[in-house]
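**Student:** This structure is in structure tokens; I'll ask about it shortly.
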Amino acid sequence: MEFKNNPEFEQQLAVLGGADAKLCFQCGTCTAGCPSGRRTSYRVRKLVRMAQLDMKEEIVNSEELWMCSTCYTCMERCPRRVPIVDIIIALRNIAVSEGHIKDKHKGTAKNLYTLGHTVPINDEVKANRAKLGLPEVPPTVLANEKAMAELKAILDAAGFDGIVKE
Amino acid sequence: MAKYAFFLGCVAPLRYPGIEKSTRVVFDKLGVELVDLTDASCCPAPGVIKAFSKTTWLAAAARNLALAEKMGLPIMTICNGCYGSLFEAAHELNNNAEELAKVNEILAKVGVKYNGTTQVYHFAEVLYKEVGIEAIKASFTKPLEYRIGVFYGCHFLKPTDIKGIDDAEDPHILEDLVEATGCKAMPRKQKTLCCGSGGGLKAAFGNVTKEFTQTNLENIKASDAQFIVDVCPFCHLQFDTAQKELGFEIPVLHLAQLYGIAMGMTEEELGLALHKVPVKL
């Protein structure tokens, strides 16, 4: 297999906070302590190495990219203090920007976009809140249309509508 | 009197309002004033929204931080996810003028500006550092003697280099907070293991999440704990909803609910009827 430098990918990764992938010297402490890796085919050391080698296509198409629970165990134990979770998040951003997003994740994104929250509200929730003497609708964007419109405008300005609507 | 902007998040107010209610009652009794962070949104969720678009995550978090800044108050959260998200966003924006300027370009479209001054705290940190164990003990009216499995979750303490609340490998803050009630925190294997819900894992690979939860439940059961006490509604949701299928029945309480019990709140006020695993006190 041929490895080619991809300066555009390196630049994308750096802008998203993943530049320190190059500090990794592949000791494998991250993978040894990774609770997801113990249960799945996720090998975080391998993904970081793939990032060093600019293997963008392999990374954005890999299922393993989405197997990190962001528990930070790897980062706590990394002897080089590589911000591993930040690198995974940056790689996911690159994957999503190229249309690699799971339907269920898109659903969560849509909830934020339409409700301002990731969990929906309904009559049962309202009744449960009222029983406790709490306002039926919590005093968040859910209770103020203007605040919700403001949030939506911010999400649009940040380009989130592109992810939600695709 | 200490005063905080109270950030509700999503799972507590919409799935376990008893956690919200308990927090309001407990902090009132402790003399800490919680002012609603009115008009706030989702933090937004660090493992999913941040993973889809860091720019969106940071801008929406900055809006929440700006709301608190306008009130002149630090934020208090009752969820590890909200804490992780807002703390990390504040850490990034409050210490990086370039990032702050970029976010403000987005916020300017709706006339909002964040000046980079909001501080963010987790409620357990406020209890431990601001209120203190002695004052907490003095507020309790009902001595408790339960055996507890404390559950830290991940984003309360980690990454430790910016949060600095307690050690990541062998923390003790939750044991201390739980034992202030008279309960005993039971030692167990792998007490800092993730619940498995974070990072979008639950939505993408739910069976893997269940495997994390199963290991935790096995370890908690082996420790002879009668209750799980968490500090995060998302961990709480996972432990409360996954147990039936996994063949366990260990009731789950948020720390604010345990404190509510020790302060004499009723089962109705604590919202225990909404729990899937029956809670018998």
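**Student:** What is the diffusion coefficient of the range B:220-281 in µm²/s, taking the Kirkwood radius over Cα pairs and the Stokes-Einstein relation at 25 °C with a viscosity of 0.890 mPa s?
**Tutor:** The diffusion coefficient I find is 205 µm²/s.
**Student:** A follow-up question, please. Taking R0 as 25 Å, what FRET efficiency do you get between A:Lys22 and A:Lys102 from their Cβ-Cβ distance, rounded to the nearest 0.05?
**Tutor:** Rounded to the nearest 0.05, the efficiency is 0.30.
**Student:** Provide the FRET efficiency to the nearest 0.05 for the B:Arg147-A:Arg81 pair, computing r from the beta carbons and using R0 = 35 Å.
**Tutor:** 0.40
**Student:** What distance in nm lies between label points placed 7 Å from Cα along the C-beta direction at B:Ser139 and B:Glu169?
**Tutor:** The two pseudo-label positions are separated by 3.4 nm.
**Student:** If I stretch the segment between B:Lys221 and B:Thr160 completely, what's the gain in nm (0.36 nm per residue apart, minus their alpha carbon distance), one decimal?
**Tutor:** The B:Lys221-B:Thr160 span can extend by a further 19.1 nm.
**Student:** Express in % the proportion of alpha carbon pairs of the protein assembly as shown at distances exceeding 37 Å.
**Tutor:** 21
**Student:** Work out from phi, with θ = phi - 60° and the Karplus expression 6.51 cos²θ - 1.76 cosθ + 1.60, the ³J(HN,Hα) of each residue of the range B:125-140, listed in order in whole Hz, and give x for Gly and Pro.
**Tutor:** 5, 4, 4, 6, 8, 8, 7, x, 4, 5, 5, 5, 4, 5, 7, 7
**Student:** If neighbour count is taken as other Cβ atoms inside 10 Å, put A:Ile154, B:Ile133 in order from fewest to most.
**Tutor:** In increasing order of surrounding Cβ atoms, one gets B:Ile133, A:Ile154.
**Student:** Still on this structure, please answer the following. Grab the alpha carbons of chain A, take their convex hull, and tell me the volume per residue in Å³.
**Tutor:** Per residue, the Cα convex hull of chain A comes to 159 Å³.
**Student:** If you don't mind, another one. With a 10 Å Cβ neighbour count serving as the proxy for reagent exposure, in which order, fewest first, do A:Phe3, B:Phe140, B:Phe27 appear?
**Tutor:** Ranked by crowding around the Cβ, least crowded first: A:Phe3, B:Phe140, B:Phe27.
**Student:** Okay, next question. In what order do A:Leu23, B:Leu34 fall by count of nearby beta-carbon atoms within 10 Å, going from fewest to most?
**Tutor:** If I rank by nearby Cβ atoms, fewest first, I get A:Leu23, B:Leu34.
**Student:** To the nearest whole number, what is the average tally of beta carbon atoms from other chains within 10 Å of the beta carbons of peptide A:144-155?
**Tutor:** Mean partner shielding for this stretch: 5.
**Student:** Mind giving me the nanometre distance, one decimal, between the label points for B:Glu130 and B:Gln190, set 7 Å out from Cα along Cα→Cβ?
**Tutor:** 3.5
**Student:** Quick one: Cα convex hull volume of the range A:38-114, Å³ per residue?
**Tutor:** Residue-normalised Cα hull volume stands at 108 Å³.
**Student:** Also, quick follow-up: Using a cut-off of 17 Å between alpha-carbon atoms, which lysines can reach B:Lys189, once sequence neighbours fewer than 8 places away in the same chain are excluded?
**Tutor:** In chain and number order, the partners are B:Lys221.
**Student:** Relative to the first principal axis of the alpha-carbon coordinates of chain B, what is the inclination of helix B:97-107, with its axis defined by its Cα atoms, in degrees from 0 to 90 and to the nearest 10?
**Tutor:** In chain B, helix B:97-107 runs at an angle near 90 degrees to the longest axis.
**Student:** Give the shape of the range B:153-193 as rounded, prolate or oblate, defined through the alpha-carbon gyration tensor: a ≥ b ≥ c are the square roots of its eigenvalues, a/c under 1.5 means rounded, and otherwise the shape is prolate if a/b is larger than b/c and oblate if not.
**Tutor:** Oblate, because a/c is 1.5 or more while a/b does not exceed b/c.
**Student:** Please state the equivalent ellipsoid semi-axes for chain B: what are the square roots of 5 times the Cα gyration tensor eigenvalues, largest first, in whole Å?
**Tutor:** Semi-axes from the Cα gyration tensor: 31, 22, 16 Å.
**Student:** Now, a different point. Find the relative contact order for the range B:1-157 and round it to a whole percent, using C-alpha pairs within less than 8 Å whose residues are 6+ positions apart.
**Tutor:** Worked out over the range B:1-157, it gives 25 percent.
**Student:** Round to a whole angstrom and tell me the spacing of the C-alpha centers of the range B:160-182 and the range A:36-66.
**Tutor:** What the calculation gives is 32 Å, centre to centre.
**Student:** Okay, next question. State to the nearest 20 debye the size of the charge dipole of the protein assembly as shown about its Cα centre, where the only charges are +1 on K and R beta carbons and -1 on D and E beta carbons.
**Tutor:** Dipole about the Cα centre, nearest 20: 540 debye.
**Student:** Then there's this: Given B:Leu30, B:Ala62, B:Tyr128, which one lies farthest toward the positive end of the charge dipole of chain B, if we put +1 on the Cβ of every Lys and Arg and -1 on the Cβ of every Asp and Glu?
**Tutor:** B:Ala62
**Student:** So what is log10(I(q)/I(0)) for the range B:132-275 at q = 0.13 1/Å, when the Debye sum runs over its Cα atoms only?
**Tutor:** Log10 of I(q)/I(0), two decimals: -0.57.
**Student:** Got a sec? Charge dipole of the range B:83-226, +1 on Cβ for Lys and Arg, -1 for Asp and Glu; which of B:Phe140, B:Phe151, B:Phe205 is way out at the positive end?
**Tutor:** B:Phe205
**Student:** What are the extents of the Cα atoms of the range A:110-155 along their three principal axes, in Å, largest first?
**Tutor:** That works out to 34, 18, 11 Å along the principal axes.
**Student:** Taking only the Cα atoms of the range A:73-131, how large is their convex hull per residue, in Å³?
**Tutor:** 138
**Student:** Counting pairs of alpha carbon atoms under 8 Å apart in space and at least six apart in sequence, what relative contact order in percent does the range A:84-156 give?
**Tutor:** Averaging sequence separation for qualifying contacts and normalising by length gives 22 percent for the range A:84-156.
**Student:** Per residue of A:123-136, how many C-beta atoms from partner chains lie within 10 Å of its own C-beta, taken as a mean?
**Tutor:** 4
**Student:** Using amide H atoms built 1.01 Å from N in the peptide plane, name the residues 5+ places from B:Lys3, or on other chains, whose amide H lies under 5 Å from its own.
**Tutor:** Counting only residues 5 or more places away or on other chains, the set is B:Glu33.
**Student:** Angle, helix B:233-246 long axis vs. longest principal axis of chain B, Cα atoms, 0 to 90°, nearest 10?
**Tutor:** Tilt relative to chain B: about 40 degrees.
**Student:** Translational D (Stokes-Einstein, µm²/s) of the range A:1-92 at 25 °C and 0.890 mPa s when Rh comes from the Kirkwood sum over C-alpha pairs?
**Tutor:** Reported coefficient: 188 µm²/s.
Bear in mind that the values in this text are calculations on the coordinates, not laboratory data. These numbers were taken from a predicted model, which means no experiment stands behind them. For neighbour counting, all protein chains shown are included, and Cβ atoms are generated from backbone atoms with ideal geometry for every residue, glycine included.
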